1. Residue by residue through the stretch A:300-341, note down the ones that are without any contact (Cβ under 8 Å) to a residue 40 or more places away in the chain, of a type in the set (F, W, Y) and touching a Ser or Thr at 6+ places or on another chain (Cβ under 9 Å).
2. May I ask you to list the residues in the stretch B:179-197 that are more than 7 Å from chain A (Cβ to nearest Cβ) and over 16 Å from the mean Cα position of the chain (by Cα)?
3. So which of B:L106, B:L98 ends up being under 13 Å from the mean Cα position of the chain (by Cα) and surrounded by fewer than 21 Cβ atoms within 10 Å (Cβ to Cβ)?
4. Looking at the stretch A:96-122 only, could you name the residues that are more than 8 Å from chain B (Cβ to nearest Cβ), among the hydrophobic types (A, V, I, L, M, F, W, C) and touching a helix residue (DSSP H, G or I) at 6+ places or on another chain (Cβ under 8 Å)?
5. Taking the options B:L176, B:L162, B:L168, name whichever one is within 8 Å of chain A (Cβ to nearest Cβ), surrounded by 24 or more Cβ atoms within 10 Å (Cβ to Cβ) and of a type outside the set (D, E, K, R).
6. Tell me, please, whether a residue that is assigned to a helix (DSSP H, G or I), among the small types (G, A, S) and at pLDDT 95 or above can be found in the stretch B:290-303.
7. Could you say whether any residue in the stretch A:139-161 is touching a strand residue (DSSP E or B) at 6+ places or on another chain (Cβ under 6 Å), under 17 Å from A:A21 (Cβ atoms), among the hydrophobic types (A, V, I, L, M, F, W, C) and more than 14 Å from chain B (Cβ to nearest Cβ)?
8. Just need a number here: residues in the stretch B:136-159 that are within 7 Å of chain A (Cβ to nearest Cβ), closer than 23 Å to A:G74 by Cβ and outside any loop (DSSP other than H, G, I, E, B).
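The values are calculated or read from the model by the stated rules, or taken from the named source; none is laboratory data. Please read all numbers here as calculations on a predicted model, not as lab measurements. Neighbour counts run over all protein chains shown; Cβ positions are idealised from the backbone, glycine included.
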Amino acid sequence: MTTVADKPSTTAVKPASMAQALQRALRDSLAADPSVHVMGEDVGPLGGVFRITDGLTKEFGEDRCTDTPLAEAGILGTAVGMAMYGLRPVVEMQFDAFAYPAFEQLISHVARMRNRTKGAMPLPITIRVPYGGGIGGVEHHSDSSEAYYMATPGLHVVTPATVADAYGLLRASIASDDPVVFLEPKRLYWSKDSWNPDAPASVEPIGRAVVRRTGRSATLITYGPSVPVCLEAAEAAREEGWELEVVDLRSLVPFDDATVCDSVRRTGRAVVVHESGGFGGPGSEIAARVTERCFHHLEAPVLRVAGFDIPYPPPMLERHHLPGVDRILDAVARLQWEGDS
Amino acid sequence: MKNQSPVMEQRGSYRPSPPPAWKPRTDPAPLLPDARPYRVLGTESAAKADPALLLELYEQLVRGRRYNTQATALTRQGRLAVYPSSTGQEACEVAAALALEERDWLFPSYRDTLAAVARGLDPVQALTLLRGDWHTGYDPHEHRIAPLCTPLATQLPHAVGLAHAARLKGDDVVALAMVGDGGTSEGDFHEALNFAAVWKAPVVFLVQNNGFAISVPLAKQTAAPSLAHKAVGYGMPGRLVDGNDAAAAHDVLTEAVCRAREGGGPTLVEAVTYRIEAHTNADDATRYRRDTEVETWRAHDPIALLEGELTERGLLDDARRQGAKDAAEALAADLRERMNQDPVLDPMDLFTHVYAEQTTQLREQAAQLRAELEAEAER
């Protein structure tokens, strides 16, 4: 399962943003499958507040890309009914914290319908949620809500960190016969990468982590918005003599134990990095899994670098909350290196 | 509007600009429900009712009542974990089922197993949830009956979405969703009605106002003139009907279903009825209501009402009455016999349908349970 991300071919490749790749994934999904329907608040002529659905209503009509009333439970609840009738709804929740009204539908119905009906009524719904901080958003615009989703059996939880993955994973999520919570790191929307929008890479299967950078000193296990931060930390760590491996999980559920453990067994040290709070956060589960499976290979306890256990801070203070390069390197320094007293 | 200031007289050179043009977006008058619940039985309209329909309703009501008493008996015998009875509400349950065509969809709540049975579902499958051997005991696509829904009113947006999807696909399918008076206080009730009206979705909302949400009476649930009045705020018609009058309930629901099918959009129907039994077998209704109130409603029993009408018109002879009774007894006997058998369960099913493809983690956990089961078998 371990794959080192391929360098994209340089022919016809130009810089593209994650937002463009997501838009292209929606467009290609709508074109490929008439049962795909995009719905949400402001996804029509406006193109969504982040412009991810830009142009879709114009190209596919209001019935395929629909501005709904402003009610998240209603959006997801009606999407359930549409999926019951054989459609493949792609729902946009405008912001992480605005998805909470839809939790009852998500937990009591979306996640359970396949199981409740012994497979007779699967719900192929994709729920896109822009998440995370770092964009200077005021209250309720920067939550990292992935732990809630991870704790709900029946959901897949997917989050891209690169332009190419944004496309591939969104296509795969929409094609999945299971409900997928697709978390879009909003501070990476405008990140650019070399990507050929005219020949997008093949669709990645959901559930596979990828090694973004190889190294033998320690493994940084991360996902979404923290991936670029970890890559930066790994670069900076060279000055300290550490070669850090960076694993991008891409999918929190299903969790790719194989890729993660393969890396940790080689390096013997691991730090989990995410924006979400540490207490009861994704890192708690990841650290436990790694410890259970790799205990005899570990030179030090698995550490977590997470957001503080506080309500998300106001924008002028958020830089103190978000895990940054220094905090990651401080954690790496505490991994009981030889010569430590 | 006595508190509203009169429009200012023109004074001096000051000319206040008028607000931009405003008019109501819909005429609310045709949306308003009748002042009293619509009735057929015991009124002049009864003579116009189709005898064949009345007889069919009668046979279904008798069967439905027997189903209710049998299911309640099964809870006492430990064969059902719980049963929320629809005794006294059979007219609503049956009328809902009969108002729909085969291609339509029914969205029942946990109290509406009878509606599902009246629509043709095997009673054993309808009661699977309440026996506790699985959550939904049937393939929803087979009779187009959504899974019995427990979280209140959360099935209503599903009905709207399904009806909307059917229309997008060009199918003339209608969805009928059932909810209780308590459920109208839930946010999902509001959101479902709003979406339905905005989308003009072919959906009918049937509120069975049976007087209580477990113990809480309607007066503590809403200050609305009636639950049917709530429709006006969404821009759809509200209809108020005597829910114990099977002919009236069937009339109103059939009309709403036709209207939806013809592209007229959704309707909210409030059927005024009464929950004769406690909330479930686990509830004690004497703690919150008087027997005298129950007796008043027993006197307005849906079966007695219809039987009276049929007898008066000479449509019901002893043979027919006995036939209905025999059919009901046959259903009860079959239900008793099959429910008295222990269901055969495979614990490994717990892992089979969580995802389309089992995750590594679930495969590991399934292996653990399998090992536990094998060890248990060896003991």
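1. A:W337
2. Hits for the stretch B:179-197 are B:H190, B:A196, B:A197.
3. Sole residue among the options that is under 13 Å from the mean Cα position of the chain (by Cα) and surrounded by fewer than 21 Cβ atoms within 10 Å (Cβ to Cβ): B:L98.
4. Once the filter is applied, which keeps residues that are more than 8 Å from chain B (Cβ to nearest Cβ), among the hydrophobic types (A, V, I, L, M, F, W, C) and touching a helix residue (DSSP H, G or I) at 6+ places or on another chain (Cβ under 8 Å), the stretch A:96-122 yields A:F98, A:A99, A:A102, A:F103, A:L106, A:V110.
5. Just one listed residue meets the conditions, B:L162.
6. No, there is no match, as no residue in the stretch B:290-303 is assigned to a helix (DSSP H, G or I), among the small types (G, A, S) and at pLDDT 95 or above.
7. The answer is yes, given that some residue of the stretch A:139-161 is touching a strand residue (DSSP E or B) at 6+ places or on another chain (Cβ under 6 Å), under 17 Å from A:A21 (Cβ atoms), among the hydrophobic types (A, V, I, L, M, F, W, C) and more than 14 Å from chain B (Cβ to nearest Cβ).
8. Summing the residues that are within 7 Å of chain A (Cβ to nearest Cβ), closer than 23 Å to A:G74 by Cβ and outside any loop (DSSP other than H, G, I, E, B) in the stretch B:136-159 gives 4.
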